[in-house]
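The values are calculated or read from the model by the stated rules, or taken from the named source; none is laboratory data. Keep in mind it's a predicted model, so treat the numbers as computed, not measured. Here the Cβ is made from the backbone with ideal geometry for all residues, glycine too, and neighbour counts use every protein chain on show. Keep in mind that these areas ignore ligands, DNA and RNA; they rest on the heavy atoms of the full protein, side chains included. Shrake-Rupley method; radii C 1.70, N 1.55, O 1.52, S 1.80 Å.
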Amino acid sequence: MSATNVKGKQVLLRRSAVALFEAFGDLSSFTATLPEEYKDKVRVTRDSVSSEAAGTHIGVRISERTPYSRIVLSSDEATPIKFDIIFHLEQVDFSSSLLQLEINAELNMMLKMMIGNKLQEAVDKITEQIEKSVNEGVVPEKMSDIKFS
């Protein structure tokens, strides 16, 4: 296994770090963006999200909350690929903050060759979607509206 680290670009969000920390630190709101046909297939709590996809368990849990500056989502014990998704928050002024996403993953050589170069693109797309959602109120109708080329 090989450690892979990907850092996304830093974006300015028009929300305080406190508001963003509360939003990203509560996974129970995740189901609001899911299409109806998937809502019963996903198990969600404030601290975790999990589902079965193509016979494979996929789950994350919040493993760290550092108030108003950092949230770490980690793959759960049953997920085959071990990874962390880190939300870095930095207060700029009363009503705006910087956000940067980071992914750390343990990938075998085959997976690293298959998806390693796509991780940067995925992190950047997710960051862009968060920026649009927060700053412009543009929320995708469904998860498939987020396109990865």
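In table form, for the structure just shown:
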{"quantity": "Strands (runs of 3 or more DSSP E) within segment 46-136 that include 1 or more residues small (Gly, Ala, Ser), under 11 Å from the mean Cα position of the chain (by Cα) and within 23 Å of Ala3 (Cβ to Cβ)", "calculated": "70-75"}
{"quantity": "Test: residue in segment 104-114 that is surrounded by 14 or more Cβ atoms within 10 Å (Cβ to Cβ) and within 23 Å of Ser133 (Cβ to Cβ)", "calculated": "no"}
{"quantity": "Odd one out for Arg14, checked against (1) touching a strand residue (DSSP E or B) at 6+ places or on another chain (Cβ under 6 Å); (2) surrounded by 14 or more Cβ atoms within 10 Å (Cβ to Cβ); (3) in contact (Cβ under 8 Å) with a residue 24 or more places away in the chain", "calculated": "(2)"}
{"quantity": "Counted residues, segment 19-28 - those being open to solvent by less than 70 Å² (accessible area, probe 1.4 Å), part of a helix (DSSP H, G or I) and of a type outside the set (Phe, Trp, Tyr)", "calculated": "5"}
